[in-house]
Amino acid sequence: MNFVGNSDMKLKVLEDDTHIFVGRKKSIHEKYGIEGSLLFGKSLEKEKFGKLVHLDAISPHVIFICGARGSGKSYDLGVIAEEIITKNPNLAAVVIDPVGIFWSMKHPNKEEREVKDLLEWGLEPKGLESTKVFIPYGLKESIPKDTYDALFSIKPSELTVDDWCLTFGLERFSPTSLLLEKAIEKAKAKKRNFSIDDLIRVIEKDKELISREKGYSISTRRALLSRLEAAKSWGILSEEGTSLSEICMEGIVSVIDISFLEENVSSLVIGMLARKILNARKKVTRQASMKKYAMSDIDELLDVEIPPTWLFIDEAHTLIPSGGLKTAATDSLIEYVKQGRRPGCSLVFATQQPSAIDTKVLSQLDILITHKLVFEEDIKAVMKRVPTVVPDEYRKASFIRSLPIGVALLADRSEQSSRAFTVKVRPRFSQHEGRETTSIELDENFDEETIRKMIVELIYKKLQSEGRMPLRKLETLADTLKRRYKVKIETDEIIHYLVENKNCEVREGALWLGGKMPSYEEEALEEKSSTELSQKALPVLISEEKAKQIAEKRKKEKLLGLFGKEEKVKSIELVYSPVYMLSYSRKSERGSIPSRCFVSPDYELLFFGKKGLQKTKSINMLLDLSDKKFRVFKELRAAWLTRKQVQEKTLLTAQAAAKYLRELVGAGLVERKGEKYRAKNLDVPNDILSASFSLENVDLVKPRNAKVEEIKCNEKRIQSIPKLFGPAIIDSVDIVLLPKWRVTYESAGKSRIEEFFAL
Ligand SMILES: Nc1ncnc2c1ncn2[C@@H]1O[C@H](COP(=O)(O)OP(=O)(O)OP(=O)(O)O)[C@@H](O)[C@H]1O
Ligand SMILES: [Mg+2]
């Protein structure tokens, strides 16, 4: 390979004659030297070409690896895990393996080319005998015994209500979830380490839960029971549970093979593991060693007594997705990276979709390794997160796109490194099972042109039947064929061809066939029951403290009208009112603009104005206007017009124009001054975009424990709101919770309730 990092920007690093050290403080280096460092690769920078690059492992780190398919991410995870175990016998490595490829670490590398490379590096192939492969407990009958070393399971009693809800896909405050919460409490009271069957029994038999007055409806109970029955087949829940000290062991690489599990269950497993590792390490580092052994419970001890651990997660985007989506792994991993450093918890995580990873986790990284990336949005997402300076020439998309397999741009946060630089990752000691076999022999020899045609045809056919194809899928397809037939074809080229020649369009991460794009009417939306409420909420920005002050102020205002009767704030509580979040897009000259807006169940738009969060007042009325009447109204929003002018602009007859104007004035929507008419100022933002943008930067959060009001409204009507402002396509409709402060005032035995938004 003759790739050279050609930046002229001066590169300063922590180094000696032959090594570069990354992620390390100078003081640590002076104390330890090469000890406790991981050989990762060689520098490809022209300035320090060929120097060995070592990553620090004395301090904990959050290392993020990204790159397109086949660029070398899983390979890197393997390299780092190999180094941890062979160089640092005091650490544990736990590799979460969603694809089922890391078991091969037991065997020495046998790829001819890599073995040759290893020898050139002065290294040699070796299998890591200390690799311990775990499979889910429930699969022990169906998987050959010689392909794994141990079983893992989770105790049902260790799962929180949130864990269950996220895995079941239940809204946190739905009746089913509330029943579950109660049932867990009751089961735990009976037996600390309860089984699923114990839980089921409680739901079936507990007097309170089944009582007519206090209990839950039969359908709610049935819904929960059927989910719990299904949970038995996940294959990971058992009363025994695997203690953490079986998984996190000094000098051992534990591979947790979750490739047999559904995505939601995988998230649950990882969430649990991350949470337990962090908690155990926190306890271990807090307690004096003698005290630890005074713990009475052996299980507890085995769950706590673990060494500093490096957790490796491949394909992380499915576990910690971005965009406010949440899995059962999200919260635990966020905490793990935020709090893990002090107790010695490191994370190495990899993805092919950096733009699809939860930014709360990304923001904690201190070492970033990026391989070749293809998509602009991914390149941008990564560049935003680089923890050091990136030379201009490396920032370009064309540079990141040109990185060969096994070559990466490496960046770290330590003061010692002045900028990001390029490295060639070292060959693996142990065997790496790539995802695809490469030994397929082909009878035919295709040329690039033929392959390209084949790909285009395949995609086009798919588009004709389905209308759209996600760009990711397209990349995978092109990539697979490319690798299989060893030709050089870029996904971008194919997309470009389809857009230019086949009437296709790229929108929201997918390729669409012209004419197949959904219009508003076509899109069928799911009905939402009023009780199954969302677990996403708008944040509480007005604290309770502040809310109290506001409540006091409002009291005094009222006092004047009450002729001196003292009004008291009796109580103040947070309540949630469900509102609709519409994700929609509208066309502009520059393409389509995706956005979202929030609509209250009384059909009014929410927006941030001078007075904080506000609600429009008259959209509800506008929704009832006929098309023609609405056309009149719209013209009058822009200017004062005479009836004649209205007539000209709307092409209505004189009679019709007069009638509509009369009715609009009657409805209080339009005012009249002499001959002229104008729409009243309705507290409606000028366009929906400004209303939407005013709430654009508000992140959705997990709701607090508070009352949730019922929602009753017509969803079709809600969806027609963005259309008032011009053609719009509704992409999705969600329910989110809007926090309000509810104040109860009391005076002379009478009480009065007032509410205001908590943001
Ligand atoms: N540093 C390297 N040295 C030699 N070969 C490498 C190196 N990195 C990657 N490869 C080769 O590239 C192939 C693909 O790498 P890897 O499996 O790590 O890809 P990946 O980025 O994880 O892709 P995917 O997204 O499909 O999982 C490997 O099987 C190996 O043959
Ligand atoms: Mg991989």
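The values are calculated or read from the model by the stated rules, or taken from the named source; none is laboratory data. Since the model is a prediction, treat every value here as computed from it, not as a measurement. Don't worry about glycine lacking a Cβ; one is built from the backbone with ideal geometry, like all the others, and counts go over all protein chains shown. Note: accessible area is taken over every heavy atom of the protein model, side chains too, but ligands, DNA and RNA are not part of it. Shrake-Rupley method; radii C 1.70, N 1.55, O 1.52, S 1.80 Å.
Subtracting the Cα-Cα distance of GLU755 and SER211 from 0.36 nm times their residue separation leaves 192.4 nm of extension gain.
Pick out, in residue order, every one of the trypsin sites (Lys or Arg not before Pro) in region 68-118 that is DSSP loop and has at most 13 other C-beta atoms within 10 Å; say none if there are none.
Hits after loop and neighbour filter: LYS110.
If R₀ is 51 angstrom, what is the calculated FRET efficiency for the pair ASN6 and GLU263, using the beta carbon separation as r and rounding to 0.05? Taking R0 as 51 Å, the efficiency between ASN6 and GLU263 is 0.75. Label point of ALA397 set 7 angstrom out along Cα-Cβ; within region 370-389, amide nitrogens under 15 Å from it belong to 373-384.
The calculated FRET efficiency for the pair ARG222 and VAL506, based on their C-beta separation and a Förster distance of 35 Å, comes to about 0.20. The stretch between THR359 and GLU552 holds 65.6 nm of extra length on full extension. This uses 0.36 nm per residue minus the Cα-Cα distance.
With a Förster radius of 22 Å applied to the C-beta separation of VAL99 and ASP149, the computed FRET efficiency comes to 0.75.
When a/c is below 1.5 the answer is rounded, else prolate if a/b is larger than b/c, else oblate, so apply that to region 1-83 with a ≥ b ≥ c taken from the square roots of the Cα gyration tensor eigenvalues.
oblate
List the pairs from LYS110/LYS372; LYS634/LYS716; LYS207/LYS326; LYS611/LYS649 whose alpha-carbon separation is above 27 Å, in the order I gave them. Violating the 27 Å Cα-Cα cut-off are LYS207/LYS326; LYS611/LYS649.
Quick one: compute a quarter of the convex hull surface over the Cα atoms of region 156-232 and quote it in nm².
Values: hull surface 17.9 nm².
Orientation-averaged projected area of the Cα hull: 4.5 nm².
Restricting the calculation to Cα atoms, the chain shows an Rg/Rh of 1.02 when the hydrodynamic-style radius is the Kirkwood one.
With a 1.4 Å probe and all protein chains left in place, how much of the accessible area of the chain comes from carbon and sulfur atoms, in whole percent?
49
Here is how the number arises for the chain: DSSP H runs of 4 or more residues each give -39500 (n - 2.57), the sum is divided by the residue count, and the result at 222 nm is -10500 deg cm²/dmol. At full extension, GLU141 and ALA189 could sit 13.9 nm farther apart than now, given 0.36 nm per residue minus the alpha carbon distance. Exposed loop positions in the chain were taken to be chymotrypsin sites (Phe, Trp or Tyr not before Pro) whose DSSP state is not H, G, I, E or B and which have at most 12 other beta-carbon atoms within 10 angstrom. Between these positions, the longest stretch is 294-562.
Model label points for SER59 and LYS644, set 7 angstrom from Cα along the Cα-to-Cβ axis, are 7.9 nm apart.
Could you give the accessible area per residue of the chain, probe 1.4 Å, as a whole number in Å²?
Value for the chain: 49 Å² per residue.
The label-point distance for GLU710 and ASN620, in a model that sets each label 7 Å from Cα toward Cβ, rounds to 1.7 nm. Under the combined filter of DSSP loop state and at most 15 neighbouring Cβ atoms within 10 Å, region 144-220 retains these GluC sites (Glu not before Pro): GLU213.
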